[in-house]
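Note sheet for the following structure.
Please treat every number below as a calculation from the coordinates, not as lab data. Computed from a predicted structure; not experimentally measured. Cβ: placed from backbone, ideal geometry, glycine included. Neighbour counts: every protein chain shown.
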């Protein structure tokens, strides 16, 4: 007698069994992981270069094969079916196992690297770190560190899961292009180029590790004195890199954000975003969509930005002198200049863009400005290094809380529990500053066709940034949010073509009066005005 199926869901449950291609992919991928685990137990592998090549190749090939078995025969359209029935993607026991495992790995990597085999006090590497020595010596000429292990695995994850993402969205050109972009920038600019540049270093010439796309404030140590000194001592090439870093902040980033929104960085270039979009794609539906989460998000992320700004000002001020006859840029001049710049910037925004800010955003902006200017004023008048302006302590505190615990341990390790963009939503100062530019000065928006929306909710469900996209679509209102990273998945999963990513004139970009409710407005008059 057949068992009665009591499941009333239209989608039904995901099949219990995986197909043959998926099984082969799983076996190959686990083989690669097994080799790395073996190295962790100090098993003597005779040719580490060969075994590392096999391990990394197996990881990429296994994930790619599994993705092929999953998406090869899928038709064009939505491919997120079954995610709420799978333990790994619905906060089930597999998700918790993965979350705890990833978090544990990050804790060991950041704080107990010797457990991975990192050699200390001149000792040779052992274990996992030693397995990566051949690749590190090939690229930079140096033995591997825990950060090289991290960077390699990070890049492999983006490449492997990037292939999976390409297969999943093979009918969507926008998703294809941006995925190839993050794969390229991570592999070339974040991994290969900095390692190869290390070969240029000698006793008389030295450049710090420099990821060209990792700019301030995400790169919170960008203006540390030791980095600035190294750039200056490297003469022409060092000064070029230093100048490029400054221009990236004040020229390149604002121009690109004005033209394309923050998506140019967060979804096309950034390594954190690249990992979230590829390895974290299976967890995008887990992002908290509640109003309370949105309120917390805005205060936390902008507080991190203020923390980063204060820390940077403190850091730069520590290596500036007071004697105007010796230094054209004195400490007093720098602090006064920063205060005047921030005050003028606030005044310009308040005068020209006040209406684009909600009431609580206005109060928040005033509060943050008062806090920053007060700290700068106290430091200037006291002439002493207060605790908040002791750059070493401040940087260490920031690096530990934000750079390590938040971005590394929680931001990535908690993908299966909190969603793939918790760091981008709550902690990334770069996302905060680009978000403000996007809200106030960008041409980017997501336009909606409310008449076509069937309220299926796919757009809101799969928005990794926790935006209730459906609420905008139902009203036919443009989506202009500081948190939107322009990943385009809301548009990709819409069955009716309601959503479209656009770069257009700023006129009418933020105008809730255009909401169409029945016959409240004269449609032809509205069309003619636009």
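A simple spin-label model places pseudo-atoms 7 Å from Cα toward Cβ; at residue 336 and residue 33 they are separated by 6.1 nm. Just to verify a number: FRET efficiency for residue 54 and residue 354, C-beta to C-beta distance, R0 = 60 Å, to 0.05? It comes out at approximately 0.50.
At a Förster distance of 60 Å, what's the computed FRET efficiency of residue 318 paired with residue 47, Cβ-Cβ distance as r, to 0.05?
The value I calculate is 0.80.
Extent along the principal axes, Cα only, for the range 72-189: 56, 35, 20 Å, with the longest axis given first.
Along its first, second and third principal axes, ordered by size, the range 161-320 spans 51, 36, 27 Å in Cα coordinates. Relative contact order for the chain: 16 percent, from Cα pairs under 8 Å spaced at least 6 residues apart, divided by residue count. Remark: spin-label model distance residue 291-residue 475 equals 1.3 nm, labels positioned 7 Å along the Cα→Cβ axis. Label sites at residue 181 and residue 396, each approximated as a point 7 angstrom past Cα along Cα to Cβ, lie 4.0 nm apart. For the range 404-491, the alpha-carbon coordinates run over 46, 31, 15 Å along the three principal axes, in decreasing order. Placing a label point 7 Å from the Cα of residue 259 along the Cα-to-Cβ line, the residues of the range 429-445 whose backbone N sits under 15 Å from it are 442-444. When you count the other C-beta atoms within 10 angstrom of each residue and take the mean per peptide, 233-242, 135-144 line up highest first as 135-144, 233-242. Taking a ≥ b ≥ c as the square roots of the Cα gyration tensor eigenvalues, the range 201-442 comes out oblate, since a/c reaches at least 1.5 and a/b does not exceed b/c. Taking a ≥ b ≥ c as the square roots of the eigenvalues of the Cα gyration tensor, the range 253-382 is classed as prolate, since a/c reaches at least 1.5 and a/b is larger than b/c. Centroid-to-centroid, using Cα positions, the range 440-484 and the range 260-279 are 19 Å apart.
Based on a Kirkwood Rh over C-alpha pairs, give the Stokes-Einstein translational diffusion coefficient of the chain at 37 °C and viscosity 0.692 mPa s in µm²/s. The estimated diffusion coefficient comes to 129 µm²/s. If you average the alpha carbon positions of the range 330-362 and of the range 78-140, how far apart do those two centres end up, in angstrom? Here the two parts' Cα centres lie 42 Å apart.
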